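This report concerns only the one structure given below.
The values are calculated or read from the model by the stated rules, or taken from the named source; none is laboratory data. Bear in mind that the values here come from a model prediction, so they are computed numbers and not experimental data. Here the Cβ positions follow ideal geometry from the backbone for every residue, glycine too, while neighbour counts run over all protein chains shown. Heavy atoms of the whole protein, side chains included, go into the accessibility calculation; ligands, DNA and RNA do not. Shrake-Rupley method; radii C 1.70, N 1.55, O 1.52, S 1.80 Å.
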Amino acid sequence: MKQEMTSTSTLNSPINRIYTLVDPRTNQVRYVGITKHALSRRLHDHIRQAISGFHSHKCSWIRQLLADNRRPEIVLLESTQDRLRECFWIAHY
């Protein structure tokens, strides 16, 4: 009798949300990320990181938006248990 193998890591994994941060001035996707948390919380974390002075292109961009009284838009691409889907979306954009 052949026993089918199933990946328990996939079956037991929480749902991941793959999202983009979009520039509201140009509608250009500037960042692709993944989180297990609510998108509103993740956006807040990105903004908090930028305000704290963290050095990255993403944080510099967010600080520019904040200086113009704007915020990045966060857009859900998909919900999945497969964390590798983030790589697909990064390559897509």
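In terms of the ratio Rg/(2.2 N^0.38 Å) built on C-alpha atoms, what value belongs to the stretch 39-93?
The value comes to 1.29.
How many times 2.2 N^0.38 Å is the alpha carbon radius of gyration of the chain?
1.34
Could you look at the chain and say what percent of its accessible area is carbon and sulfur, using a 1.4 Å probe and all protein chains?
51 percent
Extension gain residue 69-residue 41, at 0.36 nm per residue separation less the Cα-Cα distance, in nm?
8.1 nm
With every protein chain present, what accessible area does residue 42 have (1.4 Å probe, heavy atoms only), rounded to the nearest 10 Å²?
We get 60 Å² for residue 42.
Report the label-to-label distance for residue 90 and residue 26 in nanometres (one decimal), using points 7 Å from each Cα along the Cα→Cβ vector.
2.1 nm
Where does the charge balance sit around residue 41 when Lys and Arg score +1, Asp and Glu -1, over other residues with C-beta under 11 Å from its C-beta?
Spelling it out: positives minus negatives among the neighbours equals +3.
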